[in-house]
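Below are the structure tokens for one structure; questions will follow.
The values are calculated or read from the model by the stated rules, or taken from the named source; none is laboratory data. Keep in mind it's a predicted model, so treat the numbers as computed, not measured. Heads up, the Cβs are rebuilt from the backbone with ideal geometry, glycines too, and the neighbour counts pull from every protein chain shown.
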Amino acid sequence: MPSRKDVFVNGGIYHIFNKTIDKRRIFSDESICRVFLDVVSYYRSTKADIRYSRFLKLEPFIKRQKENEIRYKKYFKVIVLSYCLMPNHFHLLLKQKIEGGIIRFVADTINAFTRFYNILHERKGPLFLTQFKSRRVRTTEELMHVSRYIHLNPYSGGLVDSFEQLEKYRWSSLPDYLGSVDRGLCDEEIVLNMFDGEKGKYRAFVRQQAEYQKRLEQAKHRDELLES
């Protein structure tokens, strides 16, 4: 991964997103989505000191020990605040815990997932753009809005037809925020604390902007078609 000009600071929160190089719809396959999230869960830990492919092949007892180790928050290099997988791109909202945490986490995650995908599909070469995009979240208000933007992506992008379907979208952290599942991947408290810890308030906040964000996305898509 080429060197970057971005400076990621410890304690800083960043919106990270990247697309496939050829608009390949890799996250339309549920099994692929599961693997990607498993890789994200694995590499957020500093204890992920062997390749994910080798980790999968460990003896069951040793593998369970490793799984327990990588779950400890004290070993995390990044904290995942929210995420969303779309057919040809992903969004992650991350808080850096250690120096170089985000760069290392994203590189390891993309490299491991690309190796898996390439072996599965008998292909070679990169899967995602070489430079992922990042934007620092600097204020409490911005954090609320970025979290909402990420969670609304499946609706504004037309993957689901209603807000009720969005609440059940399996490949975002919104169901975790609303309490219908607990996959153990996200730390929802940082955002939910801005809503007094009340999931209902957060749900109303997300829904409030749903139609507006969808109209913006449709207008953006029309502009892109006109320019092409």
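Within the range 82-140, which residues are of a type in the set (Lys, Arg) and farther than 20 Å from Leu185 by Cβ?
Arg115, Arg123, Lys124, Lys133, Arg135, Arg136, Arg138
Could you check the range 127-144 and list, in sequence order, the residues that are surrounded by 14 or more Cβ atoms within 10 Å (Cβ to Cβ) and farther than 15 Å from Phe17 by Cα?
Those that are surrounded by 14 or more Cβ atoms within 10 Å (Cβ to Cβ) and farther than 15 Å from Phe17 by Cα: Glu142, Leu143, Met144.
Would you check which residues across the range 2-20 are more than 16 Å from the chain's Cα centre (by Cα) and either modelled with pLDDT of 95 or more or at positive phi (or both) and list them?
Those that are more than 16 Å from the chain's Cα centre (by Cα) and either modelled with pLDDT of 95 or more or at positive phi (or both): Phe8, Val9, Asn10, Gly11, Gly12.
Right, next: Here are some residues: Ile110, Ile119, Ile98, Ile102. Which one is more than 19 Å from Asp29 (Cα to Cα), in a helix (DSSP H, G or I) and among the hydrophobic types (A, V, I, L, M, F, W, C)? Don't jump to the end; show me each part of the working.
Details: Ile110 fails: more than 19 Å from Asp29 (Cα to Cα); Ile119 fails: more than 19 Å from Asp29 (Cα to Cα); Ile98 fails: in a helix (DSSP H, G or I).
Residue meeting the stated conditions: Ile102.
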